[in-house]
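Let me begin by presenting the structure, written as structure tokens, before commenting on it.
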Ligand SMILES: [Fe+2]
């Protein structure tokens, strides 16, 4: 069946980027992201749509429409960790334009990114490389828009879902972000115990398919845990999920919940039964 076949939250801490140099505390995140990727690729998706917290588009929802993505990824805030690693994936301009059409239908301001000089941020590249290590999938990137509010992000996620359904694509949507995200110096620092608990409750709510409950709790949860980019990626992820569907959701957390500089990270996947 076409549409969003899997909705993922996939973290991207820069220390995950180069596997050989990754510290022990992120190795389980890497391995579980690979495992999640194997599972979703086995269902033969057409396209991987990544909404990265680090591709920041101040006003408008930019969507990649290049036929191919070729470049070098530098983590601009941590070039000592990701210093220009080459990448190459197919794009899916038709999917990108379908998303933009649905944004327009909902009065969400968007624009195509067709620049052949565009270089991926590490929040796009890290999950792409672990979810699809042989670069077999087409990839479409959607930016994160500081001028949007949570309601607009929810609407944008729904528009992305409609676009995949309308075009007949089997799409994976991945929000590339953390859960708790009040950052502190010190790579191995954890979120506060209260925030860890809230993250576990939110993840449990999602993976048990309680989508309507997760949507109604989200703003309160997000305020308490200081979601990455104001929780915009998690909200877009939620918008991709259709709580009114007759087909219930279920889900799974792959690997452990782990820390990075005060943030809380986990790989999760949701799908409809
Ligand atoms: Fe981040």
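Mind jotting down the distance between the C-alpha centroids of the stretch 64-96 and the stretch 155-207, whole Å? Comparing the Cα centres of the stretch 155-207 and the stretch 64-96, I get a distance of 21 Å. In plain terms, the C-alpha convex hull of the stretch 84-146 casts an average shadow of 5.1 nm² when viewed from every direction.
Is it possible to state the helix-based mean residue ellipticity at 222 nm for the chain, with each DSSP H run of 4+ residues giving -39500 (n - 2.57), the sum divided by total residues, to the nearest 500 deg cm²/dmol? What is it?
Numbers: 7 runs with 97 residues, N = 273.
It lands at -11500 deg cm²/dmol.
For the stretch 3-121, the alpha-carbon radius of gyration amounts to 1.16 times the rule-of-thumb value 2.2 N^0.38 Å expected for a compact globular protein. In plain terms, if you count all Cα to Cα distances in the stretch 3-272 and split them into 5 Å steps from zero, the share in each step is 1, 6, 14, 20, 21, 18, 12, 6, 1, 0 percent. When the Gaussian network model of the chain links Cα atoms closer than 10 Å, the mean-square fluctuations of 209, 84, 96 top out at 84. The simple Förster model, with R0 at 22 Å and r as the Cβ-Cβ distance, assigns residue 27 and residue 252 a FRET efficiency of 0.65.
Of the peptides 240-248, 11-19, how do they stack up when ordered by the mean number of other Cβ atoms within 10 Å, highest first?
The packing order, highest mean first, is 11-19, 240-248.
Over the stretch 98-193, what relative contact order in percent results from Cα pairs under 8 Å that are six or more residues apart? It comes to 41 percent, rounded to a whole number.
In this structure, residue 70 and residue 18 have a Cβ-Cβ separation that, at R0 = 30 Å, corresponds to a calculated FRET efficiency of about 0.95. Taking every Cα-Cα distance in the stretch 192-273 and sorting them into 10 Å bins starting at zero, the pair-distance distribution P(r) comes out as 17, 54, 25, 3, 0 percent.
Rule-based calculations on the coordinates, nothing more; no lab input. Given the structure is predicted, the values throughout are model-derived calculations rather than measurements. Methodologically, a virtual Cβ is constructed for each residue, glycine included, from the backbone with ideal geometry; neighbour enumeration extends over all protein chains shown.
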